[in-house]
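Report on the following structure.
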Amino acid sequence: MRTAIITGASRGLGLELARTLVAAGWHVIADARSGVTEPGVTAVTGDITDAAHRETLVDRATSLDLLINNAGTLGPSPLPAVSEVPLDALRDVYETNVVAPLGLIQLALPKLRDSGGILINITSDAAPEGYPGWGAYGSSKSALEGLSRVLAVEEEKVTVWQVDPGDLRTRMHQDAYPGEDISDRPLPETVAPALLKLLDERPPSGRYRLPEWS
Ligand SMILES: NC(=O)c1ccc[n+]([C@@H]2O[C@H](COP(=O)([O-])OP(=O)(O)OC[C@H]3O[C@@H](n4cnc5c(N)ncnc54)[C@H](OP(=O)(O)O)[C@@H]3O)[C@@H](O)[C@H]2O)c1
C-alpha cells in the first residue's frame with residue numbers, strides 16, 4: 001500500500017485530496033491544528049509550524065511515496081496593500097507557507113528518495129501574478145515555488161510538482177473576499193480527483209494546474 005502525508009486536511013482542498021487518496025487505496029497520514037476526523041485517515045493533530053509536530057508526522061510513515069504540502073494561511077483579512085502589511089503578519093504567513101513546508105520536506109526527503117516518490121507543494125496563481133492585496137500570501141507562494149524549482153533539479157530521485165488548484169470555494173477563499181458571494185467558485189471535490197490522473201500519468205517535475213487535469 002502506498003503512503004501519503006497531506007498537511008491541512010481538516011477541511012477544504014486538503015480534506016478532499018485525503019478522501020480521494022483513501023478511496024484509491026492509499027494509506028493517508030494527515031494533520032491540521034483542529035484535527036482530522038475523516039474515516040480511513042491516520043490523523044496527527046498539530047501545527048505545521050511546530051518542529052516537533054513535523055517530526056511526529058514524518059515518523060508515522062514507515063515508508064513514504066507522496067508528501068503534499070497543502071496547509072496554508074492567507075494572512076490578514078481583509079487583504080491589506082503591501083504598503084500596509086503588518087510585518088508580524090508577513091512573518092506568520094511565511095512561517096506557515098514557506099518555512100514549515102520546507103521543514104517537512106527536509107524531514108521527508110530521505111523517505112521520498114528511498115521510494116522514488118513525489119513531492120507536491122500546493123501553490124496559487126497569486127504566486128506568478130500581482131493581484132492588489134495579495135502581496136503577503138502571493139509572495140509566500142512565490143517563495144514556495146522557488147524552493148520547488150530548485151528541489152526539482154537537486155533531487156534526482158524525487159519528482160517535485162507545484163500544483164495550482166485554481167480558485168476554490170473554501171474558508172480561505174471566503175476570507176479573501178469577506179462578505180462576497182463566492183458560490184460561483186468550484187468546490188474542492190471537483191478538482192481533487194485530478195490528483196489521481198497526475199499520479200497515474202506522472203509528468204516530470206514542474207508546475208501544473210489541477211483544473212487542466214480534471
Ligand atoms: N481556495 C482557493 O481558492 C485556493 C486557490 C489556490 C491555492 N489554494 C491553496 O490550497 C491550499 C488549501 O487551501 P484551502 O482553500 O483548502 O484553505 P482552508 O479551507 O482554509 O484549509 C486550510 C487547511 O490547512 C490547515 N492549516 C492551516 N494552518 C495550519 C497549520 N499551521 N498547521 C496545520 N494545518 C494548518 C487548516 O486546518 P486547521 O485550521 O484546523 O489547522 C485547514 O485544514 C492552501 O495551500 C492554499 O493556499 C487555495
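Every number in this text was worked out from the coordinates using simple rules, so none of it is lab data. For clarity, every value in this text was computed on a predicted model and none was experimentally measured. Note that we place each Cβ from the backbone using ideal geometry, even for glycine, and neighbour counts take in every protein chain shown.
Just add up the charged neighbours of A32: K/R +1, D/E -1, any other residue whose Cβ is under 11 Å from the Cβ of A32. Walk me through the numbers on the way to the answer.
On the way: positive: R11, R33; negative: D31, E38, D47.
The answer is -1.
Explain nothing, just the number: relative contact order of the chain, from Cα pairs under 8 Å at least 6 residues apart, as a whole percent. Walk me through the intermediate numbers first.
Working: 412 pairs, mean separation 40.9, N = 214.
About 19 percent, as a whole number.
Place the peptides 186-198, 143-155, 112-124 in order of packing, highest mean first, counting for every residue the other Cβ atoms within 10 Å and averaging per peptide.
Descending mean neighbour count gives 112-124, 186-198, 143-155.
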Spelling out what I want: for every residue of the range 114-125, take phi, set θ = phi - 60°, compute 6.51 cos²θ - 1.76 cosθ + 1.60 (Karplus), and round to whole Hz; glycine and proline get x. 4, 8, x, x, 10, 10, 10, 10, 6, 10, 8, 5
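Can you tell me how the range 3-213 classifies by the Cα gyration tensor, rounded, prolate or oblate, using a/c under 1.5 as the rounded cut? It would help to have the intermediate numbers written out before the result.
Details: a/c = 1.44, a/b = 1.35, b/c = 1.07.
Because its axes are fairly even, with a/c under 1.5, the range 3-213 counts as rounded.
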Phi to ³J(HN,Hα) by Karplus 6.51 cos²θ - 1.76 cosθ + 1.60 over the range 203-214, Hz, x for Gly, Pro: x, x, 3, x, 9, 10, 9, 4, x, 6, 9, 7
Pop out the ³J(HN,Hα) list for the range 58-71 in order, Karplus 6.51 cos²θ - 1.76 cosθ + 1.60 with θ = phi - 60°, rounded to Hz; leave Gly and Pro as x. 6, 5, 5, 9, 6, 9, 9, 9, 8, 10, 10, 7, 9, 4
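Starting from 0.36 nm per residue, how many nanometres of slack lie between A24 and A52 once their C-alpha separation is accounted for?
Values: separation 28, 0.36 × 28 = 10.08 nm, distance 2.99 nm.
Here the answer is 7.1 nm.
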